[in-house]
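The values are calculated or read from the model by the stated rules, or taken from the named source; none is laboratory data. Everything quoted here is computed from the prediction, not taken from an experiment. Neighbour counts run over all protein chains shown; Cβ positions are idealised from the backbone, glycine included. Protein only, heavy atoms only, side chains kept; ligands, DNA and RNA dropped before computing areas. Shrake-Rupley method; radii C 1.70, N 1.55, O 1.52, S 1.80 Å.
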Amino acid sequence: MGTQVKAIQIKQHGGPEVLELVEVTVPAPQENEVTIRQKALGLNFIDTYFRTGLYKHDLPHGLGFEGAGIVEAVGSGVKHLKVGDRVAYGQSPIGAYAEARNMPVNQLVKLPKQISFEEAAGAMLKGLTAQYLLRQTYRLQGGETILFHAAAGGVGLIACQWAKALGVKLIGTVSSPEKAALAKAHGAWETIDYTREDVAARVLELTNGAKVPVVYDGVGKSTWLASLDSLQPRGLMVSFGNASGPVEGVNLGILAAKGSLYVTRPTLAAHVNTREKLQAAADELFDMIKKKKIRINIGQRYRLEDVAQAHIDLESRKTTGATILTLD
Ligand code: NDP
């Protein structure tokens, strides 16, 4: 019993060539699971970490953490969802890259009718990340100025808009004039091209010597020092990703030397680890989208079978905003 569907799997770690299109069987959902017929999937930088083996899961395994679709079957213990409901998710278990899949019901939210499947597939992981970063890790107040790296990316374009809506001046780093224009069009106050400019010096200049109380850094290795140098004394370094490689071998003394700094390395999973917390964060995100304060910018779409090209483009910094994998 079960449904045969197309899915992407890896049998070994490596480059985009290890992504294989396979047929898998989706079994009947267990007690607290539902089967989702997926309508759109989200690509995220974290997918590349699992592909390369930077983050590990037992092989072989599927990939992807973000998707939206229609409930096709429900387990015997499921109370709050029924067949036909529109749902979305942006977290574990791994394995979103598939036409259909089973998901634990606690990791799903119902999708408001105003939000499309594609918007949800571009918002659930990236938008909930922006939510916890700007509203929980450091609760931003209107009037503050902050530094946010990779501002034209998936999480970045949502953060630009959210910061603007809060009355916060977001200085965004980008790698090209086109990305600078895009970040500004989404609400960034200023941009810095970190491939050409000295980030900390520009932050000092833009803030008239004050620097910033918080830096959001999903780039990692290549921006670590510039991020610390952009912080005010007792400022908070939020290191939330490794797009350029992981930050390693840190001597804690550097936090003293740079001004009694704080550092956190947060994950989305720890912020949505109960159904209540997930629903509260999703409600806030959906509200921002419904009120048109946040628009999910879908920069590019690829068919599920072309996911290797999507990984190549994401890793070579060719993408902007959210990337969607489409299903026939
Ligand atoms: P993005 O769409 O932002 O893509 C990554 C961007 O990073 C690129 O577009 C590029 O922008 C920039 N970048 C800088 N240096 C490099 C490099 N050497 N190679 C590739 N890209 C580089 O990805 P996501 O929105 O999916 O994620 C952004 C970051 O946030 C990632 O590090 C991701 O892992 C992290 N993340 C963490 C979460 C958490 O809870 N901890 C949850 C979600 C995401 P540019 O060309 O402008 O430099």
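Restricting to DSSP H runs of at least four residues, report the calculated mean residue ellipticity at 222 nm for the chain, -39500 (n - 2.57) per run over all residues, nearest 500 deg cm²/dmol. Present the calculation step by step, with values, prior to reporting the outcome.
Working: 9 runs with 89 residues, N = 328.
That comes out to -8000 deg cm²/dmol.
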note = Any GluC sites (Glu not before Pro) in region 1-31 that lie in a DSSP loop and have at most 11 other Cβ atoms within 10 Å would be E31
ask   = Given Cα pairs under 8 Å that are at least 6 residues apart, what percent is the relative contact order of region 50-193?
value = 16 percent
task = Count neighbours as other Cβ atoms within 10 Å of each site's Cβ, and list the trypsin sites (Lys or Arg not before Pro) in region 230-298 that are DSSP loop with at most 13 such neighbours.
result = K291, K292
task = Output the Cα-based Rg and Dmax of the chain in Å, rounding Rg to one decimal and Dmax to a whole number.
result = 19.8, 66
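Per the Cauchy relation, a quarter of the hull surface: what is the mean projected area of the convex hull of the alpha carbons in region 1-142, in nm²?
Working: hull surface 39.7 nm².
Projected area, direction-averaged: 9.9 nm².
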Cα-based Rg and Dmax for region 103-243, where Dmax is the largest Cα-Cα distance (Å) = 15.3, 50
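Hey, any idea what % of region 186-237's accessible area is carbon plus sulfur with a 1.4 Å probe? Working shown, then result.
Details: 1060 of 2200 Å².
Of the solvent-accessible surface of region 186-237, carbon and sulfur hold 48 percent.
What does the charge dipole of the chain about its Cα centre add up to, to the nearest 20 debye, if the Cβ of each Lys and Arg holds +1 and the Cβ of each Asp and Glu holds -1?
Details: 37 positive and 32 negative charges, 189 e Å.
In debye, rounded to 20, the chain gives about 900.
Using the Kirkwood formula over every pair of different C-alpha atoms, what hydrodynamic radius in Å results for region 78-160?
Working: mean 1/r = 0.0679 Å⁻¹.
One over the average 1/r among Cα pairs gives 14.7 Å for region 78-160.
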task = Enumerate the whole-percent occupancy of each 5 Å bin, from 0 to the last occupied one, for all C-alpha pair distances of region 205-328.
result = 2, 9, 13, 13, 15, 18, 16, 8, 4, 1, 0
message = Test of the criteria: in region 29-132, which trypsin sites (Lys or Arg not before Pro) are in a DSSP loop and have at most 13 other Cβ atoms within 10 angstrom of their Cβ?
response = K56, K79, K82, K113
ask   = So what is the accessible area of the chain per residue, in Å², with the probe set to 1.4 Å?
value = 43 Å²
task = Output the pairs from K179/K290; K292/K318; K126/K290; K126/K164; K6/K39 with a Cα-Cα distance over 19 Å in this structure; if there are none, say none.
result = K179/K290; K292/K318
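Given Cα pairs under 8 Å that are at least 6 residues apart, what percent is the relative contact order of the chain? Walk me through the numbers on the way to the answer.
Numbers: 735 pairs, mean separation 56.0, N = 328.
Computed over the chain, the figure is 17 percent.
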